[in-house]
1. Work out the FRET efficiency for residue 148 and residue 57 from their Cβ-Cβ distance, taking R0 = 35 Å, and round it to the nearest 0.05.
2. Separation between the residue 188 and residue 48 pseudo-spin-labels, each 7 Å from Cα along Cα→Cβ, expressed in nm?
3. Which Rg and Dmax, in Å, describe the Cα atoms of the chain?
4. Between residue 122 and residue 157, 0.36 nm times their residue separation minus their Cα-Cα distance comes to what?
5. In this model, which of 47/86; 51/117; 86/109 are farther than 28 Å apart at the alpha-carbon?
6. Excluding residues fewer than 8 places away in the same chain, name every one of the aspartates and glutamates whose C-alpha is closer than 15 Å to that of residue 24.
7. For residue 110, what residues show an amide H to amide H distance below 5 Å, using hydrogens built from the backbone and excluding near sequence neighbours?
8. Counting DSSP beta bridges in segment 61-192, what percent are antiparallel, to the nearest 5?
Amino acid sequence: MTPGMVFFPSDLAKVGTKTSHVLKVLERETKAGTILRLAQGVYYYPKADDKYGLGIIYPSYEEVAERIAERDKVIIVPTGAYALNKLGFSTQVPMNLVYMTDGTSKTIKMSNGYSIKFIHTTQKNLAYKNRLLQMLVFALKDIGKENITEEQEARVRTLLQNTPLEQIRDDLGLMPAWIKDLILKQYEQQIF
């Protein structure tokens, strides 16, 4: 195990040890401070900041979510307030991260009160080839058709400025008509 690694009991069970033994070792090492328990079944082998003396460098919640997705072999896409923040539509940092997934719906309650929520969605919502466009669609759905401001339209235009229309043509058919119209409008206003 390397410092800075998020891991699960199942990672250790792969070495042929009984699950009950793995859980006892994890409990003992957590009490000793060798590892940290981030949530039920989610552990972290701490990485320390030796350069500035800041102590333990914790993983981001995004890193934890990505490791869970990797373990479960599922696709995840930020949605809701998290997608709005990540794309620059909002400066509010959400206390809880929400992802759409092709996996099981579940909520991971972190030990510090935060949570990571996975919401099962249809394959159509996850079929986008362009990940930025996919997250943008989820963010726009969260804002709502009637609530889009000129400032937000300008943000959409900025986000898409380095993505040629040809790269997203296949994805246009997956999105609601009002979002498709809004996105095409932004391309009409850009000079390529």
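1. Step by step, r from the Cβ atoms, then E = 0.35.
2. Label at residue 188, label at residue 48, 6.1 nm between them.
3. 20.2, 63
4. So the extension gain works out to 9.9 nm.
5. Table pairs above 28 Å Cα-Cα are 51/117.
6. Those aspartates and glutamates meeting the cut-off are 11.
7. When sequence neighbours closer than 5 places are left aside, the close amide H contacts are 115, 116.
8. So the antiparallel bridges amount to about 55 percent of the total.
We did not get these values from a lab; they are worked out from the coordinates using the rules stated. Source: prediction; values computed, not measured. Every residue, glycine as well, gets a Cβ built from its backbone with ideal geometry; the counts of neighbours run over all protein chains shown.
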